[in-house]
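S.K.: Quick one: this structure, given as structure tokens, is what I'll be asking you about.
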Amino acid sequence: MVPAAGQSAWLTLLISAAMAFLCVFALAFSVAAGRLADRWGDALSRTATVRLSAPATQMDEQTAIVLEVLRTTPGVDSARVIGPEDQAALLEPWFGPDLPLDLLALPRLIEVTESAAGFDSMGLRLRLAAEAPGAVLDDHTRWRRPLLEAAMRLRLLAVLAMGLIGGATAAMVTLAASASLASNAKVIAVLRLVGARDRFIASAFVRRLTLRALIGAGVGTAAGMAALLAIPGTADSGGLLTGLGFAGVEWLYPLAVPPLAALVAWAATRAAAFRVLREVT
């Protein structure tokens, strides 16, 4: 009863495939943003840095005092002095590999690792101010909070993009269903003459267009997953684009896209079908 080919058929297939392809990337972006937020949070929440500035003749003495304060502070798991080689590696991206550290009055950095219970940062700052006035504690709070907020906003934008993709899919499928029903007005009139009810007529169109949307979304999802597999990934990188994709059971997430696309198409087609059937006489 419903034509198997035509503009509405191709429109439904292509739109469903394209939207599913974009939805897979939006879903991957959302998962990557969440993974990035967790990575940044874990990397910065358990570490702190003590920056020690003192005259060269007192640097070793002040370093020993700071290390003793850290050793006797509850909640501090370990503390180590960042050597010149590590400092050079940290500064190399900005100043190049030939930075003369011995000619620069750089502060001494001490990396602090917290235990699971954590330490009292305010109390530690007061102890350092009393025993080593040139030591400044940085618990990375001012760095961690903006990074986590940025990552979570990126995740929210990805979820919003998936919602917009779903809305656009529903709108396009509605247009395709309306066009298909309007172009078959004579067929609908004949069916009514032989006793067919609008519910029966609508179900035929809904079933056909929902199946097309499911097939198109399946093709688009497969193409999106193949494209994600082609993106090079680096497990140890903190970047967002290099970590774009799924890992482990996360590859099961895109498999929900075709059923959801079919559900959206079913709801949109059903609403459009009954609306058009009320208008067709």
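S.K.: Suppose we keep only residues that are at pLDDT below 85 and touching a helix residue (DSSP H, G or I) at 6+ places or on another chain (Cβ under 6 Å) within region 133-142. Which one would you say is surrounded by the most Cβ atoms within 10 Å (Cβ to Cβ)?
M.R.: So, considering only residues that are at pLDDT below 85 and touching a helix residue (DSSP H, G or I) at 6+ places or on another chain (Cβ under 6 Å), the one surrounded by the most Cβ atoms within 10 Å (Cβ to Cβ) is 139.
S.K.: It is to be established whether one or more residues within region 94-104 are touching a strand residue (DSSP E or B) at 6+ places or on another chain (Cβ under 9 Å), assigned by TED's automatic domain parsing to the domain that holds residue 60 and either at pLDDT 85 or above or not basic (Lys, Arg) (or both).
M.R.: Scanning region 94-104, I find no residue that is touching a strand residue (DSSP E or B) at 6+ places or on another chain (Cβ under 9 Å), assigned by TED's automatic domain parsing to the domain that holds residue 60 and either at pLDDT 85 or above or not basic (Lys, Arg) (or both), so the answer is no.
S.K.: Can I ask one more? Mind checking which pairs have a first residue in region 178-197 that is on the phi < 0 side of the Ramachandran plot and a second that is surrounded by fewer than 17 Cβ atoms within 10 Å (Cβ to Cβ) and not acidic (Asp, Glu), Cβ under 6 Å, 6 or more apart or different chains?
M.R.: Taking only residues 6 or more apart or on different chains, the pairs are 185/280; 188/280.
Rundown of residues vs (1) in contact with a His (Cβ under 9 Å, 6 or more places away or on another chain); (2) assigned by TED's automatic domain parsing to the domain that holds residue 12; (3) modelled with pLDDT of 85 or more; (4) part of a helix (DSSP H, G or I), yes/no style:
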site: 129; (1), (2), (3), (4): no, no, yes, yes
site: 168; (1), (2), (3), (4): no, yes, yes, yes
site: 202; (1), (2), (3), (4): no, yes, no, yes
site: 212; (1), (2), (3), (4): no, yes, yes, yes
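Per-residue answers, yes or no, for (1) surrounded by fewer than 20 Cβ atoms within 10 Å (Cβ to Cβ); (2) modelled with pLDDT of 75 or more; (3) over 12 Å from the mean Cα position of the chain (by Cα):
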site	(1), (2), (3)
5	yes, no, yes
8	no, no, yes
16	no, yes, yes
24	no, yes, no
27	no, yes, no
33	no, yes, no
40	yes, no, yes
43	yes, no, yes
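The values are calculated or read from the model by the stated rules, or taken from the named source; none is laboratory data. The structure displayed is predicted, hence computed values, not measured ones. Because the Cβ atoms are built from the backbone with ideal geometry, glycine has one as well, and the counts that use them run over all protein chains shown.
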